[in-house]
Amino acid sequence: MKLICLIIALSILFPANSYAHELPDLGDVSQATITPYQERQIGLQIMRQIRADPSYLDDPEIASYLSNLGHKLIANSEETNAGQSFEFFALQDSSINAFALPGGFMGFNSGLIIAAQSESELAAVMSHEIAHVTQKHLARMIAGQKFDLIKSLATLAVAIIAARSNPQASQAILVASQASAIQSKLDFTRKHEKEADRIGLNILLDAGFEPQGMSTFFERLQRAGRFHENGAPSYLRTHPITYERIADIQNRIREMPYRQVPDSIDFLLVRAKLRAMQGKPHDTVVQFKSRLDEKRYINEAVERYGYIHALLRDKKNIQASNELAHLYQILQNDSSTSVLTNHPLGKTVRVENKNVIAGAMIETLSASVKLANGKITEAFDIYKTALRIYPQHRALIHGYAHALLQNKLTETALEFINKQLLLIPNDPQLFSLQAQCYALLGDRMLEHRALAESYALKGHIAAALDQLQTALQNSNGNFYQLSSVEARLKQIQALKAEEDKEK
């Protein structure tokens, strides 16, 4: 995907040309420093462009899984700065790649997650990227460059998005050459790559994963690159893997205790969901059915979960409902799981007790199947029961709010959303849903106030400012609500002024 290839260069992905003949000129770092705040602002500016791109996966279940895995690894990194924040996200892109941006933002292509044959392999890539951040490789590279180069990074993001939306050969070549020029100045050294391998391996081991996951994944990518030179995995082009690096990782692994770590059901479900989202809907359905018919799977329940997602995507709603019943039967007969009683379908259903996300993902899918088949009451019953068990699962929260709105239960939806916002006030999707409620109820001031909060949480400060000004122009006569909008406008104006200073 051109966007990500260029954004990799733009965002100073941790790649490093390991074959570079010259080390980057770091300059006098004491004279050219970048503060954590500046680094974060650069990252936020780039993230605004990424979030606006169709490939950005705004899926709370996938994001939650990546965040949980990432923070589990971070908790086992002794050198993590307490003030360093991290945010993990996914892109719907079949190429095998992962990258880190300034400010602790880390992106993972769906292709990489699917290509990982175990959770330890995915954790290995993630721990390598985390090590780059904790060792401040990125900040050290930026610090050695002119500050106008830093400013040009976010500017180039806009050009990249424009080139992708309106591809013109000359413009694409220009953008690519600009990105290449920036990349050549910011390539990491072999020392940085080996340091990230070493520290990443320790993080992987301390977090309880198989250290072999790092060498097996890198070896497989290297083989793919050797036999498919022109179509080598993107990760190889941005993170060149040498025999020396693999040998060094293997030598370190020999000194570590061997362990075999089973994959979490969360990992397997997220991977199956991503597989269901790729390719043409009908082709994906055929692939899942073929694997099930030929019993080419590790976990049948996981495979059927993915199959149901694929069926819904292909609008085969009745077949999805039939498969859902089959899935519950498998779960009920699985002795490795624990019992979930009082299920709204009137059955005893089993979910793995160690993985809250897994149970919630299955319930979210179940409600979606019922809604797709017009069984509104059953869907609402599933949402209500599941939310009592998994009250913080955002996919359930969003799904229930959407279902209430779709069925014209606007006031009920608004009451539910307002309660959720008291618990999770940093959810832009909830504010967007709240805005829909106010629009249907005819309250234009609160509609635009809610949209402003949604934009602000996504980092779109200028758009938030516009929405608040529109809200003031549509006053509903409520003095307290008007005062609240005016106060929020002042806060956003201050943020905008601060943002403009950094440009």
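Go through segment 455-497 and give me each residue that's outside any helix (DSSP H, G or I) and more than 25 Å from residue 429 (Cβ to Cβ). Once the filter is applied, which keeps residues that are outside any helix (DSSP H, G or I) and more than 25 Å from residue 429 (Cβ to Cβ), segment 455-497 yields 473, 475, 477, 478.
Scanning segment 37-52 for residues that are more than 13 Å from the chain's Cα centre (by Cα) and not β-branched (Val, Ile, Thr) yields 37, 38, 39, 40, 41, 43, 44, 45, 48, 49, 52.
Modelled with pLDDT of 90 or more and buried (at least 16 other Cβ atoms within 10 Å of the Cβ): does that describe residue 296? It would help to see each step written out before you state the result.
Values: modelled with pLDDT of 90 or more: yes; buried (at least 16 other Cβ atoms within 10 Å of the Cβ): no.
No; evaluated as a whole, the condition is false for this residue.
Restricting attention to segment 403-419, does a residue exist that is assigned to a helix (DSSP H, G or I), basic (Lys, Arg) and touching a Leu at 6+ places or on another chain (Cβ under 9 Å)?
The first filter runs over segment 403-419 and keeps only residues assigned to a helix (DSSP H, G or I), leaving 403-406, 410-419.
If we keep only those that are basic (Lys, Arg) as well, we get 419.
Next, from what is left, pick out any that are touching a Leu at 6+ places or on another chain (Cβ under 9 Å): none.
Looking for residues that are assigned to a helix (DSSP H, G or I), basic (Lys, Arg) and touching a Leu at 6+ places or on another chain (Cβ under 9 Å), one finds none in segment 403-419, hence no.
Table: residues versus (1) in contact with a strand residue (DSSP E or B) (Cβ under 9 Å, 6 or more places away or on another chain); (2) under 28 Å from residue 395 (Cα atoms); (3) surrounded by fewer than 18 Cβ atoms within 10 Å (Cβ to Cβ).
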{"position": "423", "(1), (2), (3)": "no, yes, yes"}
{"position": "431", "(1), (2), (3)": "no, yes, no"}
{"position": "436", "(1), (2), (3)": "no, yes, no"}
{"position": "457", "(1), (2), (3)": "no, yes, yes"}
{"position": "461", "(1), (2), (3)": "no, yes, no"}
{"position": "464", "(1), (2), (3)": "no, yes, no"}
{"position": "474", "(1), (2), (3)": "no, no, yes"}
{"position": "480", "(1), (2), (3)": "no, no, yes"}
{"position": "485", "(1), (2), (3)": "no, no, no"}
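For the condition under 22 Å from residue 59 (Cβ atoms) and modelled with pLDDT under 55, residue 352 qualifies.
Test of understanding: among 206, 197, 187, which residue is outside the structural domain of residue 393 (by TED's automatic domain parsing), at pLDDT 90 or above, under 28 Å from residue 101 (Cα atoms) and not hydrophobic (A, V, I, L, M, F, W, C)?
Numbers: 197 fails: at pLDDT 90 or above; 187 fails: at pLDDT 90 or above.
Every option except 206 fails the conditions.
The values are calculated or read from the model by the stated rules, or taken from the named source; none is laboratory data. As the structure is a computational prediction, the values presented were derived from the model and not from experiment. With ideal geometry, Cβ positions are generated from the backbone for all residues, glycine too; neighbour counts draw on all protein chains shown.
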